[in-house]
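S.K.: Quick one: this structure, given as structure tokens, is what I'll be asking you about.
Each value in this text was obtained by applying a stated rule to the coordinates, not by laboratory testing. Since this is a predicted model, take the numbers as computed values, not measurements. With ideal geometry, Cβ positions are generated from the backbone for all residues, glycine too; neighbour counts draw on all protein chains shown.
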Amino acid sequence: MKKGEIVFFAICVAFFGFMFYEGLDLAGQGRAGEIGSGLWPLLAIGASALFSVALLISSVKKYRGEGTAEDRTPEAIAEQKRQRITVTLSVVTFLIYMVVIPWLGFIFSTLVYIPVFALALGERRKSVLLISPFLLTGIIVAVFAKFITIPFPKGVGIFAEFSRLFY
Amino acid sequence: MVDIYLQAFATVLMPQNLIAMTLGALWGLLAGALPGISTSMGVVLLLSFTYTLSPMTAFVLLIGAYLGGITGGSITSILFGIPGEPSSVPTVIEGHALAKQGRAAYAMWVYLLCSIFGGLFSVFVMILATPLIANFALRFGPPEYFALTVLGLSVVSGLSGGSMLKGFLSCFFGLFLATVGTDGITGEERFTFDTVTLLGGINFVVAMVGLLAVSEIFIEAEEPFKEYKGGVEYRGLLGELPPFSLFKKYWLTMIRSPIIGTIVGALPGAGATIAAFLAYGEAARTAKHEPEKFGKGAVEGLMAAECANNASTGGSMTILLSLGIPGSNTTAMLVAAFMIHGMQPGPLLLSTRPDIIYGIFVAMLLTNLLLLVLTGTAIRLFLELNRLPYSVFSAAIMILCVIGAFGLNNSVDDLFLMFGFSVIGYFMRKFGVPVAPCILALVLGDLAELSLRRSLLLSGGSPLGLVSSPISVILLAGALFSIVYPLFKKPKMLDGV
């Protein structure tokens, strides 16, 4: 975790450093007598960068002070590995869902997403995996698309034709 | 005066108005509870139905939706950790933490009673002190607004979590995000990287849903698999209703928060979000009972935020009715409703159509009471949602987030922005960087920057213009105090940073 914290704050420093560099182009732009477009963002980014550096230094000091030796049991290592796999799977399935939703439309992509995401979280009950996608998708389409008429992604081609049957 | 109120009661209690009030409140509760459908959107959607209604029925319907929306924003916040409204973010922090401890029903009752108390308080203030509040709000110029935003941000950043540095990092990151897009004064593009998506800036709903709701699911995914989300135990009304001693214990918060809410609500552009955060920050700063629980399920924090955000409705309505200035997006929609019915809100309306003004006072009073009954009856029903299998429940929350983000602009780009924020939110939470200051800064960033730049323009570039009035001096001193105070009061907060 401590290594992770160092990496996180190092990325923050790099990100805000890059943004500060980008923001320098804005400095001085604006009408006469006006502070311009650049001052406020540069203040915000500059402060963020300073806080990130402070937190990075603090994390490195903590890491050095407490040492690198961590007495972790095999169970703890296995648990951490399980956590990482589950979170990565959740993130990846969510990303894929958003990539395919404009192409397949809401109904098809949601029907696939629900059981895959549930599986990623560890769900193994067949009844839940089989029934819930249809039930949940049906309720959501009925409430949001039909009743409240919120726009839903329709998809393209045959998927769009299918979506138009419902919303 | 008594005659006018009796007449207003008689009008509002007519069957068609009572039906309109109930429908409006139910619609508002639904709109407020769903992320992506704001209270103002809920009111807008009803506007078109009011053309054919009588003016009083139309206003009763819209007031129901307005108050219902503000109240409903906290239902999903407590149960699922999804803020229906930006003003519900403090409720997510404390209310959802209580729900995760198996005290969802208790948190729901605390939220409901405090919301209604805050709402009723502000209505009485609105009735009694309309001229006073309107005059005070009129004194706010750009320097005062800048000072107010600085106070709001510093209170939240200084007291959010265990490390002030992390709180301020989150706050400044939010301020930076608020600058993305087209500059409101010069029209300059800032950090858009030549993309059309970022031209209009980062929508705070997209950021809020990603940072808070989706990242929460990723954090929860780390836990071992569980069949159900959590306890749905409901011990009946008497078993779950918070005791009177709780309100007695936190009497100062119960008095201070609605006052903050009403005053901040009366300031145009400030609204429920600043009110909720300010009251929450004040409660955290001055907490005498269990201050260590803030961020982990502090009842006092929940009470403060709920009292304040509902109290802001009375403040907003006060200056709308007395000056014709909308204090929030939703009251701006109500201006449209006045115009639809051939009226112009403002000082003249009180003398030309007192029936409407006093009718609105009475409608707000009765709608708050109706919301107590409606939401109180439905609490058990809301809790039953926790019986859904956890895996499906999580998927449903993700899908609601997708619908909320997509529905804003009908844009797939917003989905990817939301995804980006969910990953950022996950790592922020993982490494102890609080997300609430970031969200508040994103919401207030525009107002803070524009107020600063206008103040400097007015003072010819002199920073002394920012402290030119007693109000701004007091507010900035309060901001400084809220940063310095925790350093002395809770030195352990800086441990390890």
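S.K.: Can you pull the mean other chain C-beta count within 10 Å for peptide A:109-117?
M.R.: 3
S.K.: So, one more: Would you please put B:271-277, B:202-208 in order of how densely packed they are, using the mean number of other Cβ atoms within 10 angstrom per residue and starting with the highest?
M.R.: Result, highest mean first: B:271-277, B:202-208.
S.K.: At a 10 angstrom cut-off on C-beta neighbours, averaged per residue, how do the peptides B:89-95, B:218-224 rank from highest to lowest?
M.R.: Those peptides, ordered most packed to least, come out B:89-95, B:218-224.
S.K.: If we count every other residue with Cβ under 14 angstrom of residue A:101's Cβ, Lys/Arg +1 and Asp/Glu -1, where does the sum land?
M.R.: Neighbour charge sum, excluding residue A:101 itself: -1.
S.K.: What ranking of B:109, A:103, A:40 emerges when the number of other C-beta atoms within 10 Å of each C-beta is taken as an exposure proxy, fewest first?
M.R.: Fewest to most other Cβ atoms nearby, the residues stand as A:103, B:109, A:40.
S.K.: Would you be so kind as to identify which of B:459, B:92, A:40 lies farthest towards the positive end of the dipole of the protein assembly as shown, taking Lys and Arg as +1 and Asp and Glu as -1 on Cβ and the Cα centre as origin?
M.R.: Of the listed residues, the answer is B:92.
S.K.: What's the average, rounded to a whole number, of partner chain beta-carbon atoms within 10 Å of each residue's beta-carbon in A:92-99?
M.R.: 5
S.K.: Which helices, counted as full DSSP H runs in chain A, have an axial Cα extent of no less than 30 Å and a Kyte-Doolittle average of 0.0 or above?
M.R.: Span-like helices here: A:2-23, A:39-66, A:74-121.
S.K.: Could you grab the relative contact order for the stretch B:2-494? Cα pairs under 8 Å, six or more apart, rounded to a whole percent.
M.R.: Relative contact order comes out at 28 percent.
S.K.: Hey, another quick one. Please give the net charge around residue B:401, taking every other residue with its beta carbon less than 12 angstrom from that of residue B:401, where Lys and Arg add +1 and Asp and Glu add -1.
M.R.: Charge balance near residue B:401 sits at -2.
S.K.: List the residues, sorted by chain then number, that are 5 or more residues from residue B:189 or on another chain and whose placed amide H is less than 5 Å from its amide H.
M.R.: So residue B:189 has HN proximity to B:183.
S.K.: In nm, to one decimal, how far is the residue A:73 label point from the residue A:3 one, both placed 7 Å along Cα→Cβ?
M.R.: 2.2 nm
S.K.: Sequence gap at least 6, Cα distance under 8 Å: using those rules, report the relative contact order of chain A to the nearest whole percent.
M.R.: 18 percent
S.K.: Using the Cα centre of the stretch B:2-494 as the reference point, and only Cβ charges (+1 on K/R, -1 on D/E), how large is the resulting charge dipole? Debye, rounded to the nearest 20.
M.R.: Its charge dipole is roughly 1140 debye.
S.K.: Okay, moving on. When you look at the Cβ of every residue in B:217-224, what mean number of other chain Cβ atoms sits within 10 Å?
M.R.: 6
S.K.: For the stretch A:2-66, with equal point scatterers placed on the C-alpha atoms only and solvent neglected, what are the log10 I(q)/I(0) values from the Debye formula at q = 0.25, 0.27, 0.28 1/Å, to two decimals?
M.R.: Log10 I(q)/I(0), no solvent term: -0.94, -1.02, -1.06.
S.K.: Within the stretch B:58-99, find all residues whose amide N lies under 18 Å from a label point positioned 7 Å from the Cα of residue B:223 along Cα-to-beta-carbon.
M.R.: What the label zone holds, given the 18 Å backbone N cut-off, is B:76-83, B:92-99.
S.K.: Relative contact order for the stretch A:74-164: what is it in percent, counting Cα pairs under 8 Å that are at least 6 residues apart?
M.R.: This gives 36 percent for the stretch A:74-164.
S.K.: Along each principal axis of its Cα atoms, how long is chain B end to end? Whole angstroms, biggest number first, please.
M.R.: That gives 65, 63, 48 Å along the principal axes, largest extent first.
S.K.: Let me spell out the model: positive unit charges on the Cβ of Lys and Arg, negative unit charges on the Cβ of Asp and Glu, origin at the Cα centre of the protein assembly as shown. What dipole size does that give, in debye rounded to 20?
M.R.: So the dipole magnitude of the protein assembly as shown works out to roughly 1140 debye.
S.K.: Ignoring everything except DSSP H segments at least 4 long, calculate the 222 nm mean residue ellipticity for the protein assembly as shown; use -39,500 (n - 2.57) per segment, divide by total residues, nearest 500.
M.R.: Here the helix-only value at 222 nm equals -23500 deg cm²/dmol.
S.K.: While we're here: Take the residue pairs A:81/B:166; A:61/B:430; A:146/B:296; A:2/B:293; A:126/B:296; A:2/B:249 and return only those whose Cα atoms are more than 29 Å apart.
M.R.: Pairs exceeding 29 Å: A:146/B:296; A:126/B:296; A:2/B:249.
S.K.: Just order B:331-344, B:61-74, B:253-266, B:441-454 by mean Cβ neighbour count inside 10 Å, highest at the front, would you?
M.R.: Averaged packing, sorted descending, gives the order B:61-74, B:253-266, B:441-454, B:331-344.
S.K.: Something else now. Cα atoms only: what Rg and Dmax, in Å, come out for the stretch A:74-164?
M.R.: Over the stretch A:74-164's Cα set, Rg and Dmax evaluate to 15.9, 53 Å.
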